[in-house]
1. When you count, for each residue, the other Cβ atoms within 10 Å and take the mean per peptide, how do 114-121, 348-355 rank with the highest first?
2. What are the residues whose amide H is under 5 Å from the amide H of residue 431, where those residues sit 5 or more places off or on another chain and H is modelled from the backbone?
3. Using protein chains only and a probe of 1.4 angstrom, how many square angstrom of residue 161 are accessible, to the nearest 10?
4. With every protein chain kept in the model, how would you rank 296, 283 by accessible area, 1.4 Å probe, largest at the top?
5. Need one word for segment 73-112: rounded, prolate or oblate. Basis is the Cα gyration tensor (sqrt eigenvalues a ≥ b ≥ c); a/c below 1.5 gives rounded, then a/b vs b/c decides.
6. Positive end of the charge dipole of segment 316-433 (Lys, Arg +1 and Asp, Glu -1 on Cβ, about the Cα centre): tell me which of 420, 378, 357 has its Cα farthest that way.
7. Enter the Cα centre distance for the pair segment 287-323 and segment 93-113, rounded to the nearest angstrom.
8. So how strong a dipole does the chain carry about its Cα centre when Lys and Arg Cβ are +1 and Asp and Glu Cβ are -1, to the nearest 20 debye?
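The values are calculated or read from the model by the stated rules, or taken from the named source; none is laboratory data. Treat the numbers as computed from the prediction; the structure is a model and nothing was measured. Please note: Cβ atoms are built from the backbone with ideal geometry, for glycine as well, and neighbour counts cover all protein chains shown. Surface accessibility is based on the protein's heavy atoms, side chains included, excluding ligands, DNA and RNA. Shrake-Rupley method; radii C 1.70, N 1.55, O 1.52, S 1.80 Å.
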Amino acid sequence: MSKKLYIKTYGCQMNVYDSVRMADCLAPLGYQSSDTPEDADLVILNTCHIREKAEDKVYSDLGRIRAEKQRKAANGEKMLIAVGGCVGQAEGAEIIKRAPYVDMVLGPQSYHQLPEMVTRAIRDGGGVVELDFPTVQKFDLLPEASSSQGVSAFLSVQEGCDKFCSFCVVPYTRGAEYSRPMAAIEKEARQMVAQGTMEITLLGQNVNAYHGEDEQANVSSLSDVIARLAKIDGLERIRYTTSHPRDMSDDLIAIHGSEPKLMPFLHLPVQSGSDNVLKRMNRKHNAEFYLDIIARLRKSRTDIAFSSDFIVGFPGESDKDFEDTMKLVEQVQYAQAYSFKYSPRPGTPAATDDQQVPEEVKDERLQRLQALIRHQQTVFNKSTVGKMMTALLDRDGKHEGQLLGKTPYMQSVHVQGNEGSRGQLTEVRITEGFMNSVSGEITGTQPHLRKAN
Ligand code: SF4
């Protein structure tokens, strides 16, 4: 009998991918995805633990779902509630203590066990917790992908992280680095392309640390994965995220210049421009190292553009340190960037650092940094006016006949389009640049892949 499954996804692209795979795991039990929690038989919150706000959101959402569960119970109907993802892993059974109406808690490495957990929760009336880091990787136990993610899809190739940046919970919630075998990645990519996907973003908490094995048990790198997937007919665009500057290897820098299907846009978090703060963050590199990587990538692919992540107000960050961050942003000239105030995460070394920065100082620095980033984004978007480029148009815009998509530079582009252009790689001329997007006009020609320089 078909049952309704509602999954709410918080946080990163990896959680988006995991939610798709969770639905694949539960489909054989008759669960079909529903867009709202109302009337759902099973609600899963696939959570993020990266910032305090993210955790608070989980509990306030749980409160709302509880009311829905009580309403169903009053009608003699049952609803199961599960908390997964990084808050699930970090908090575990504490969640059930705090919210006893939650039936299951699981970590990111345990969702392949969902079918069995649901059976136990129904039999035992809840209280099911699965947080182990399995010896047999979940990927080996996941069913084949049954649902398409559409023309643009995420594909997890690496998980976990061994870097232990002093502010980050990922090594504790996602575990040690694990790289999937090349053959499994290629198989899943071919399935996706057969289901209509034209663009794949390769995912990993530290994706460029990829070191999976090929069929001959040779250790491969991320550039090997890119080169292999680029041979798949019908796969037109390849991207990867999230990378660490220390793992930008020579071969990965080189393939940006030689593989036309690899998009000329890279998200390369640096977090701070100050050597003092980078040291306190345990990032294992200094600002000069980062700027050298940027320069080498620009030499390899002259039209490449960058985005990054920044944390302001990290413990011990002085005015001078913050000015170093502003200087680095000026030097790189980003197309986009994300910036946040430092948020102490329980269990991370920096959370107990005695040089915490006052909130008002964090606010002032964040405003200055975001003003600079907004300026750079606008400058970058305006610099593409008049250029011809391809856009993968996959959504409706808010205006009649308007289509939305992404350029190779991850710019949101809106065009007046026709049904025929939907889900297509379409050549557009950029007509206007704004802070967060560009507009374009369809030139009507089918795109051909630009020759990399
Ligand atoms: S490299 Fe990224 S995921 Fe790994 S510990 Fe540092 S911030 Fe976290």
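1. Details: 114-121: 18.2, 348-355: 14.6.
Most protected by this proxy first, the peptides run 114-121, 348-355.
2. Under 5 Å from the amide H of residue 431 lie the amide H atoms of 386, 439, 440, 441, each far enough along the sequence or on another chain.
3. Accessible surface of residue 161 is approximately 20 Å².
4. Numbers: 296 85, 283 15 Å².
Of 296, 283, the descending order of accessible area is 296, 283.
5. On the way: a/c = 4.17, a/b = 1.77, b/c = 2.36.
Taking the square roots of the gyration eigenvalues as a ≥ b ≥ c, segment 73-112 is oblate.
6. About the Cα centre, the residue reaching furthest to the positive side is 420.
7. After rounding, the separation between the Cα centres reads 38 Å.
8. Details: 54 positive and 61 negative charges, 115 e Å.
About 560 debye.
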